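Worksheet: one structure, shown below.
The values are calculated or read from the model by the stated rules, or taken from the named source; none is laboratory data. All values reported here derive from a predicted model rather than from experimental measurement. Note: ideal-geometry Cβ built from the backbone for every residue, glycine included; neighbour counts use all protein chains shown.
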Amino acid sequence: VAGIDEIENGERLFVDIDDIPLVIFNIAGDFFAIQDECTHDHESLGDGELQGFRVTCPRHGAEFDVRNGKACTLPAVIDVPAYPTRIIAGNIEVGLPLDT
């Protein structure tokens, strides 16, 4: 989806893949991809504040762990989808589920 040099440490990149809005975070050289939509109110999570491995939804303050998509605080109770990433030849790849 992008070269590793396109996302600075502590920054994020927004992409759409197969109609799935994603936000990819670079945290100390590790890349994490989650769906860019709060499960509580459908607001963009990527626009929220990132502290450690938690991103805060800017609308109602729900926090999610970008490593696994877990909802960490109310009002969200449903996890956000998280996707595996890997680096191949300096490029970030994101694994998405196959349509069944």
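Would you confirm whether or not the stretch 44-60 contains a residue that is modelled with pLDDT under 95 and either aromatic (F, W, Y) or under 15 Å from E93 (Cβ atoms) (or both)?
No: the stretch 44-60 contains no residue that is modelled with pLDDT under 95 and either aromatic (F, W, Y) or under 15 Å from E93 (Cβ atoms) (or both).
Please go through the stretch 28-46 and give me each residue that is closer than 21 Å to G61 by Cα and not acidic (D, E), ordered by number.
Here is the first cut: in the stretch 28-46, the residues closer than 21 Å to G61 by Cα are 32-46.
F32, A33, I34, Q35, C38, T39, H40, H42, S44, L45, G46, listed by residue number.
Limited to the stretch 71-93, what total is found for residues that are over 18 Å from F53 (Cα atoms) and either under 14 Å from the mean Cα position of the chain (by Cα) or not β-branched (V, I, T) (or both)?
The qualifying residues number 6.
Scan the stretch 1-49 for residues that are part of a loop (DSSP other than H, G, I, E, B) and touching a Gly at 6+ places or on another chain (Cβ under 6 Å) and jot them down. Please lay out each step first, then the result.
If we filter the stretch 1-49 for residues that are part of a loop (DSSP other than H, G, I, E, B), which is where we start, we get 1, 7-11, 18-19, 28-29, 36-49.
Across the stretch 1-49, the qualifying residue is only D36.
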